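A.B. asks: One structure, pasted below without further comment.
The values are calculated or read from the model by the stated rules, or taken from the named source; none is laboratory data. Since the model is a prediction, treat every value here as computed from it, not as a measurement. Virtual Cβ from ideal backbone geometry, glycine too; neighbours counted across all protein chains shown.
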Amino acid sequence: MKKETSLGHDIVIITLITLVAGLLLGLVHTVTAGPIKATEEKTRIETQKEVFSDAVSFEAMEGIEEDAGLIKAIEDAGLTKTSVEAVDTALDADGNKLGYVITAINKEGYGGEIKLMAGVSTKDGELKVNSIAFLTLAETAGMGMKADQPEFKEQFVALAPGEEIIVYTKSGKSAPNEIDAISGSTVTTSAVTKAVNAALTAVRYLEGGAS
């Protein structure tokens with residue numbers, strides 16, 4: 001009888017501890033969720049301006065990440081494990097469209113997911129990459145992390161591949177749609193290139209096939 005009473009007492013104690021722990025975790029989440037969201041929003045806005053400095057404001061496009069047509073366009077382009085998470089229209093002071101800021105993800109990085117923002121201008125009907133900036137990059141120090149250095153990122157600045165996808169080369173770029181791979185880090189190079197290609201694919205899709 002004492003054993004049963006002791007067991008019941010232990011169950012009650014464990015249940016109470018679990019409930020209290022759950023309540024504390026919920027409280028911590030409630031307290032930290034606001035600041036975390038604010039920090040993420042601040043980073044998003046700062047990165048938008050970084051990749052599309054000519055824009056005065058940005059207008060979010062709702063539901064684009066679930067657009068079946070865009071998903072198919074990315075698949076048809078051969079961009080495996082790559083997706084578009086968000087699209088923001090870049091606007092000038094008068095509300096005229098200058099282009100887009102695309103948030104794209106590739107999951108084939110050496111260190112896992114690579115997420116970046118790409119500013120893409122649509123001036124005069126020509127698609128041109130303004131610049132790119134990373135939101136998530138966890139590649140190997142001294143190798144894949146070189147993707148975040150100007151020497152690599154600046155290859156995308158003013159890149160206008162037309163209707164072609166961007167490709168990387170190990171022998172020196174010689175075409176408008178080529179970039180030089182990071183030495184010894186072709187996995188990272190490929191993942192970044194696919195993400196930028198997804199951004200361009202999204203803009204082509206939104207522009208109805210504009211080159």
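A.B. asks: Just give me the residues in the range 182-192 being more than 14 Å from residue 142 (Cα to Cα) and crowded, with 22+ Cβ neighbours inside 10 Å, in sequence order.
C.D. replies: 191, 192
A.B. asks: Among the residues in the range 137-160, are any within 15 Å of residue 88 (Cβ to Cβ), out of contact with any Pro (no Cβ under 6 Å at 6 or more places or on another chain) and among the aliphatic types (A, V, I, L, M)?
C.D. replies: Filtering the range 137-160 down to residues within 15 Å of residue 88 (Cβ to Cβ) leaves none.
Looking for residues that are within 15 Å of residue 88 (Cβ to Cβ), out of contact with any Pro (no Cβ under 6 Å at 6 or more places or on another chain) and among the aliphatic types (A, V, I, L, M), one finds none in the range 137-160, hence no.
A.B. asks: Follow-up. Give me the pairs: first residue in the range 103-119 and under 16 Å from residue 43 (Cα atoms), second residue modelled with pLDDT of 95 or more and aromatic (Phe, Trp, Tyr), beta-carbon distance under 6 Å, and six or more apart or on different chains, which are they?
C.D. replies: What qualifies is 116/134; 119/52.
A.B. asks: Quick one: would you say residue 144 is out of contact with any Lys or Arg (no Cβ under 6 Å at 6 or more places or on another chain), of a type in the set (Gly, Ala, Ser), over 23 Å from residue 187 (Cα atoms) and in contact (Cβ under 8 Å) with a residue 24 or more places away in the chain? If you could, list the steps in order and put the result at the bottom.
C.D. replies: Working: out of contact with any Lys or Arg (no Cβ under 6 Å at 6 or more places or on another chain): yes; of a type in the set (Gly, Ala, Ser): yes; over 23 Å from residue 187 (Cα atoms): no; in contact (Cβ under 8 Å) with a residue 24 or more places away in the chain: yes.
So residue 144 does not fit the description; no.
A.B. asks: Here's another thing I want to ask about it. Restricting to the range 122-142, count the residues that are buried (at least 16 other Cβ atoms within 10 Å of the Cβ) and touching a helix residue (DSSP H, G or I) at 6+ places or on another chain (Cβ under 9 Å).
C.D. replies: Residues of the range 122-142 that are buried (at least 16 other Cβ atoms within 10 Å of the Cβ), as a first pass: 122, 127-135, 137, 139.
From what's left, touching a helix residue (DSSP H, G or I) at 6+ places or on another chain (Cβ under 9 Å): 122, 127, 129-135, 137, 139.
Qualifying residue count for the region: 11.
A.B. asks: I would also like to ask the following. Between 200, 159, which is within 19 Å of the chain's Cα centre (by Cα) and free of Cβ contacts under 8 Å to residues at least 40 places away in the same chain? Lay out the reasoning, then the answer.
C.D. replies: Working: 200 fails: free of Cβ contacts under 8 Å to residues at least 40 places away in the same chain.
Matching residue, one of 200, 159: 159.
A.B. asks: Among the candidates 25, 79, 98, 91, which residue alone is modelled with pLDDT under 95 and not charged (D, E, K, R)? Outline the logic, then answer.
C.D. replies: Numbers: 79 fails: modelled with pLDDT under 95; 98 fails: modelled with pLDDT under 95; 91 fails: modelled with pLDDT under 95.
Exactly one of 25, 79, 98, 91 is modelled with pLDDT under 95 and not charged (D, E, K, R), namely 25.
A.B. asks: Restricting attention to the range 83-112, which residues are closer than 23 Å to residue 143 by Cβ and over 10 Å from the mean Cα position of the chain (by Cα)? Don't jump to the end; show me each part of the working.
C.D. replies: If we filter the range 83-112 for residues that are closer than 23 Å to residue 143 by Cβ, which is where we start, we get 104-112.
Passing the criteria: 107, 108, 109, 110, 111, 112.
A.B. asks: Would you mention how many residues in the range 162-181 are within 20 Å of the chain's Cα centre (by Cα) and either among the aromatic types (Phe, Trp, Tyr) or exposed (fewer than 15 other Cβ atoms within 10 Å of the Cβ) (or both)?
C.D. replies: Residues in the range 162-181 being within 20 Å of the chain's Cα centre (by Cα) and either among the aromatic types (Phe, Trp, Tyr) or exposed (fewer than 15 other Cβ atoms within 10 Å of the Cβ) (or both): 1 in total.
A.B. asks: Here's a follow-up. Considering the range 48-103 alone, what residues qualify as being of a type in the set (Ser, Thr, Tyr) and in contact with a Phe, Trp or Tyr (Cβ under 7 Å, 6 or more places away or on another chain)?
C.D. replies: Restricting attention to the range 48-103, the residues satisfying the condition of being of a type in the set (Ser, Thr, Tyr) are 53, 57, 80, 82-83, 89, 100, 103.
Within the range 48-103, 89 is the sole residue that qualifies.
A.B. asks: What number of residues in the range 97-129 are charged (D, E, K, R) and at positive phi? Spell out how you get there, then give the answer.
C.D. replies: Restricting attention to the range 97-129, the residues satisfying the condition of being charged (D, E, K, R) are 97, 107-108, 113, 115, 123-124, 126, 128.
Adding the requirement that they be at positive phi leaves 124.
Summing the residues that are charged (D, E, K, R) and at positive phi in the range 97-129 gives 1.
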